[in-house]
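Working notes, beginning with the structure itself.
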């Protein structure tokens, strides 16, 4: 009987130690959005949807930035000259981490990030900028970890965002979950065969 228990525990541990895990990382880089697309709009990457809100537009960065390239989400750059205020990103599932490149108009700027879960504040942070050589706008990288499903981004100046990398908790592949009942069934059958002897 002890051998069956040991076998069951060994198989269960082996199944989870060798499991293939998926991490639902999604990179939102705005390359599929048409230039001039105003907020709000929804993008979906790897099954994760993000609603970008506030007052901004997707525009070609035109080489004005070092870390932001191609299509970016930016205020007061193309189209309307009245884009301003906080930007929001709401996700279809809770995240565990977010990271993105940002730029603030002018040399010295700060980005404030506030994170929310179900509408309740769960944390935040401030991020400074540096001016890349030969350019004139401050740029930085913002990141936040914890359980949250939306963020609000604000600055005293116009804001640009690119390369939003959203991550969720790693979960086992579906095939791993199929192993658990199979191992249990094997253990029950072995136990019955031992009791018939």
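Computed values, structure above
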| read-out | value |
| --- | --- |
| Close pairs (6 angstrom Cβ cut-off, 6 or more residues apart or separate chains): without any contact (Cβ under 8 Å) to a residue 60 or more places away in the chain in the stretch 149-166, not in a strand (DSSP E or B) anywhere | 155/109; 157/105; 157/106; 157/109 |
| Residue selected from the stretch 103-121 under the condition assigned to a loop (DSSP other than H, G, I, E, B) and at pLDDT 90 or above, by the criterion farthest from residue 92 (Cα to Cα) | 119 |
| Listing of strands (runs of 3 or more DSSP E) fully contained in the stretch 17-82 that carry 3 or more residues being more than 20 Å from the chain's Cα centre (by Cα), at pLDDT 90 or above and more than 13 Å from residue 163 (Cβ to Cβ) | 57-60 |
| The lone exception for residue 107 - which of (1) surrounded by fewer than 18 Cβ atoms within 10 Å (Cβ to Cβ); (2) under 28 Å from residue 168 (Cβ atoms) it fails | (2) |
| Among the residues listed as 134, 128, 146, 106, the single one being assigned by TED's automatic domain parsing to the domain that holds residue 84 and within 27 Å of residue 49 (Cβ to Cβ) | 146 |
| Hits in the stretch 61-89 - residues which are within 13 Å of residue 38 (Cα to Cα) and without any contact (Cβ under 8 Å) to a residue 40 or more places away in the chain | 81, 82 |
| Sole exception among (1) on the phi < 0 side of the Ramachandran plot; (2) at pLDDT below 85; (3) in contact with a strand residue (DSSP E or B) (Cβ under 7 Å, 6 or more places away or on another chain) for residue 5, by number | (3) |
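The values are calculated or read from the model by the stated rules, or taken from the named source; none is laboratory data. As the structure is a prediction and not an experimental result, all values here were calculated from the model. A quick note on method: Cβ atoms are made from the backbone with ideal geometry, for glycine too, and the neighbour counts reach across all protein chains shown.
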